[in-house]
Amino acid sequence: MYSNKGAILIIYTGGTIGMIKDHKTNTLKPFDFSEIEKKVPEIKGFGYNIASVSLYPLVDSSNINIKSWIKIAKIIELNYSKYDGFVVLHGTDTMAYSASALSFMLENLEKPVIFTGSQLPIGTLRTDGKENLITAIEIAAAKLNGTSIVPEVCIYFENKLYRGNRTTKQSSKHFNAFISDNYPPLALAGINIDYNFSAIFYPSKKNKLKVNTVFNDNVLIIKLFPGFTENYFSEILQLPKLKGIILETFGSGNAPTIKWFIKILKKAIDNEIIVLNITQCDTGGTDMGKYETSRELLNIGVTNGADMTTEAALTKLMYLIGKKLPYSELKNELQHSIRGEMS
Ligand code: ASP
C-alpha cells in the first residue's frame, strides 16, 4: 500500500521559482519562502507535516558554491531523523551540479532528497513551479511498506523524476529543462506517479547516514575544440595546485593524436594530476581504445569517465580528491560507480 502522509522538510535556496521582478533594476531576484507558501496554498492542504528552512542569502543558482552544498548537506544531516524526505528548491542553472554533489556527500542515504525549481516564477500565471513543487513533495513523502520509494538524490522537473547525478540542464526556455540521456527516469508523473522500481537504487544494507563535506576545488574542466593551442594547454596543465582536469573530448572519447598534446597530458599524469575523459556528447560515453584517436590516451593513463555527465564527473572528482586517496586508488574509484552516476 502506498502511504502518502509524512513529514517533509523544504530547503529553499533561491532560484526562479521564488523570484520576483525588481522594478528598479528590471531583473529577477529571489523572495522569501513565506511568499511561495502564499502562492501555493495547496501545500497546506496535503495533509503532510511540512516545514521549511531557507539558506541565507537566497541566491540565483549561478552563485551556488561548495559552501552552499555543505549548508544543504548539514541541514539534511541535522534533520534526518525528523523527516521522511527533503525537497530542495534550487535554481535550474546549476541544479544538476548541486544534485550531483549532494549525491556524493550523502552516503548511505535511505530517504528521498528531491531537487526542484521552475522556469517561470511561482507568482506568474503559467508557472511550472506549482506542479513541480507539489509533485516533488508527494515523491519525497511516498513510501511503500514503510520505506521510502525513492531513497536517492533526484531532480524532479516537468513530469519526470531523474537520478540527480545523471542530469544536465538542456534548455533555458522549455519547461523540460533537464535531460538524463544515459539513465531512464525513476518516475513519470501523469494521472498517477509511476515509479520505475528497477531503475531506483535500494541499499542492500542499512547503515547510518554519513555526510562527507570535504571537496578539493583544485580542478578544471577543459573542453577540446579543433584549433586549441599548445601554449594555452601546456600553461593550464602546469598550474601550481592543479589536482585534476575533466577533459571533454570528442565523440566516444577521442582527441588529437599530435605529439605535443599527448606529451603535455603524459607529463601531467606522471605528476599525479588526474585527467578524466568524458565525452562532449549528451548521449553515450567514452570508449578509449576504440579509435586510433583515443588509444594513446589509454596508454598514457587517462582515466575513463565512461558515460558520466560533466556535472557528475566534476563533483565526483572534487569529492574523491578531497578524500586524499593514493593516486591509483583515486583513479580506480573514479572509474567505478559509487552513487549510480555511471553505467
Ligand atoms: N537563473 C536562475 C537560477 O538558476 C534560473 C532558474 O532558476 O531557472 O537561479
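Worth a mention:
- Every pair of residues 6+ apart whose Cβ atoms lie under 7 Å, when the first sits in the range 259-288 and is farther than 22 Å from LYS241 by Cβ while the second is of a type outside the set (S, T, N, Q) and exposed (fewer than 14 other Cβ atoms within 10 Å of the Cβ): TRP260/GLU230; GLN280/LYS223
- If the condition is being charged (D, E, K, R), farther than 23 Å from TRP69 by Cβ and within 16 Å of the ligand (Cβ to nearest atom), then the range 161-205 contributes only LYS173.
- Evaluation of LYS173 against (1) over 24 Å from ALA7 (Cβ atoms); (2) surrounded by 24 or more Cβ atoms within 10 Å (Cβ to Cβ) (one fails), failing number: (2)
- Residues that are under 10 Å from PRO121 (Cβ atoms) and either away from the ligand (no atom under 14 Å from the Cβ) or of a type outside the set (Ser, Thr, Tyr) (or both) within the range 1-28 comprise GLY15, ILE17, GLY18, MET19, ILE20, LYS21, LEU28, listed in sequence order.
- Yes/no for ALA312 being over 28 Å from TYR162 (Cβ atoms) and touching a helix residue (DSSP H, G or I) at 6+ places or on another chain (Cβ under 6 Å): no
- For the range 83-103, a residue qualifies if it is among the charged types (D, E, K, R) and closer than 19 Å to PHE175 by Cβ, and exactly one does: ASP93.
- Residue within the range 258-274 that is farther than 15 Å from LEU330 by Cβ and not in a helix (DSSP H, G or I) present: yes
- Meets criteria (buried (at least 16 other Cβ atoms within 10 Å of the Cβ), modelled with pLDDT of 95 or more and within 13 Å of the ligand (Cβ to nearest atom)) for SER68: yes
- Figure legend. Inter-residue proximity from the range 98-113: first residues among the β-branched types (Val, Ile, Thr), second residues not in a helix (DSSP H, G or I), beta-carbon distance below 8 Å, spacing 6+ or different chains. Indicated pairs: VAL113/GLY85; VAL113/PHE86; VAL113/VAL88; VAL113/LEU106; VAL113/GLU152; VAL113/VAL153; VAL113/CYS154.
- Filter pass, ALA99 being part of a helix (DSSP H, G or I), buried (at least 18 other Cβ atoms within 10 Å of the Cβ), among the aliphatic types (A, V, I, L, M) and within 16 Å of the ligand (Cβ to nearest atom): yes
Yes/no per residue for (1) in contact with a helix residue (DSSP H, G or I) (Cβ under 6 Å, 6 or more places away or on another chain); (2) within 19 Å of VAL53 (Cα to Cα); (3) within 16 Å of the ligand (Cβ to nearest atom):
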residue	(1), (2), (3)
THR94	yes, no, yes
LEU109	no, no, no
GLN119	no, no, yes
ASN132	no, yes, yes
GLU152	no, no, no
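- Check on SER81, modelled with pLDDT of 90 or more, among the hydroxyl-bearing types (Ser, Thr, Tyr), away from the ligand (no atom under 16 Å from the Cβ) and in a loop (DSSP other than H, G, I, E, B): yes
Condition check ((1) of a type in the set (Lys, Arg); (2) part of a strand (DSSP E or B); (3) surrounded by fewer than 14 Cβ atoms within 10 Å (Cβ to Cβ)) across all residues:
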position: LYS29; (1), (2), (3): yes, yes, no
position: LYS38; (1), (2), (3): yes, no, yes
position: GLY47; (1), (2), (3): no, no, yes
position: TYR56; (1), (2), (3): no, yes, yes
position: SER62; (1), (2), (3): no, no, yes
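- Among the residues of this structure, VAL214 counts as one that is modelled with pLDDT of 95 or more, among the aliphatic types (A, V, I, L, M) and surrounded by fewer than 14 Cβ atoms within 10 Å (Cβ to Cβ).
- Enumeration of residues in the range 119-141 that are surrounded by 24 or more Cβ atoms within 10 Å (Cβ to Cβ), touching a residue at least 60 places away in the same chain (Cβ under 8 Å) and under 12 Å from ALA189 (Cα atoms): ASN132
- Residue check: VAL53 meets all listed conditions (1) farther than 30 Å from SER204 by Cβ; (2) of a type outside the set (Lys, Arg); (3) within 11 Å of the ligand (Cβ to nearest atom) but one, namely (3).
- Some residue of the range 310-328 being touching a strand residue (DSSP E or B) at 6+ places or on another chain (Cβ under 7 Å), part of a loop (DSSP other than H, G, I, E, B) and either aliphatic (A, V, I, L, M) or under 28 Å from SER103 (Cβ atoms) (or both): no
The values are calculated or read from the model by the stated rules, or taken from the named source; none is laboratory data. All values derive from a computational prediction rather than experimental measurement. Don't worry about glycine lacking a Cβ; one is built from the backbone with ideal geometry, like all the others, and counts go over all protein chains shown.
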